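Reading through the structure tokens given below for one structure.
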């Protein structure tokens with residue numbers, strides 16, 4: 001179920017690996033930290049042997065998707081930024097028309113794309129293809145997937161500040177079972193041998 005007339009960003013939407021660590025939250029992941037008093041070593045647990053793990057935020061949902069899977073505009077809006085560098089790799093940010101959370105604007109961000117097909121300032125309609133999934137940025141050593149964020153500011157910094165859980169608009173959390181969304185699509189298109197081809201009728 002999607003609220004306020006939005007659609008899901010993919011046809012098949014399932015959290016990568018079925019893992020909570022690929023969902024949104026301040027401490028859904030863990031990380032080690034360097035010991036400032038011991039160069040080249042991580043901070044250790046009291047046993048002095050194992051590395052201490054600290055909470056690490058994850059800013060959105062990671063959806064598993066084969067390389068080149070079409071990503072769709074979740075609502076009418078305007079592309080306010082595109083980029084190809086940094087941890088996010090190729091990415092697109094869309095300011096959504098009329099969609100509000102707590103009275104404020106909502107921005108949808110699509111990252112780790114293999115390519116995007118929209119430009120800054122371009123108006124998009126719900127169901128428009130805005131790009132294709134990949135493994136760019138810091139996803140280069142992982143399975144191809146879509147990193148998807150909902151934001152209440154266009155360009156937040158690190159951590160989860162300026163972002164919101166996608167569950168503000170999307171339910172249920174697709175941890176074990178994919179949520180299918182063919183709304184507004186007559187056919188399912190996929191990449192085969194580097195070409196976009198009509199695979200089959202897209203039925204809900």
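The values are calculated or read from the model by the stated rules, or taken from the named source; none is laboratory data. In this text the structure is predicted, and so the values were computed from the model without any measurement. Cβ coordinates were reconstructed from backbone atoms using ideal geometry, including for glycine residues, and neighbour counts include every protein chain displayed.
What residue, among those in segment 109-120 that are more than 12 Å from the chain's Cα centre (by Cα) and part of a strand (DSSP E or B), is nearest to residue 137 (Cα to Cα)? Give the derivation first.
To start, the set of residues in segment 109-120 that are more than 12 Å from the chain's Cα centre (by Cα) comprises 114-120.
Of the ones still in play, those that are also part of a strand (DSSP E or B) are 114-116.
Details: 114: 10, 115: 12, 116: 14 Å.
Within segment 109-120, the match that is nearest to residue 137 (Cα to Cα) is 114.
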Residues of segment 1-19 satisfying the condition of being in contact with a strand residue (DSSP E or B) (Cβ under 7 Å, 6 or more places away or on another chain) and either assigned to a loop (DSSP other than H, G, I, E, B) or at pLDDT below 90 (or both): 2, 4, 6, 7, 8, 9, 10, 11, 14
May I ask you to list the residues in segment 58-108 that are within 14 Å of the chain's Cα centre (by Cα), in a strand (DSSP E or B) and more than 17 Å from residue 127 (Cα to Cα)? 58, 61, 62, 63, 64, 90, 91
Please tell me if residue 47 is farther than 30 Å from residue 183 by Cα, in contact with a helix residue (DSSP H, G or I) (Cβ under 7 Å, 6 or more places away or on another chain) and either part of a loop (DSSP other than H, G, I, E, B) or modelled with pLDDT of 90 or more (or both). no
Please determine, by comparing only the residues of segment 23-39 that are touching a strand residue (DSSP E or B) at 6+ places or on another chain (Cβ under 8 Å) and at pLDDT 80 or above, which one is surrounded by the fewest Cβ atoms within 10 Å (Cβ to Cβ). 34
Scan segment 78-117 for residues that are surrounded by 23 or more Cβ atoms within 10 Å (Cβ to Cβ) and at positive phi and report the count. 1
Here are some residues: 173, 146. Which one is touching a strand residue (DSSP E or B) at 6+ places or on another chain (Cβ under 8 Å), more than 22 Å from residue 114 (Cβ to Cβ) and modelled with pLDDT of 80 or more? 173
Only one of these conditions is not met by residue 145: (1) buried (at least 21 other Cβ atoms within 10 Å of the Cβ); (2) in contact (Cβ under 8 Å) with a residue 60 or more places away in the chain; (3) within 24 Å of residue 4 (Cβ to Cβ). Which number is it? (3)
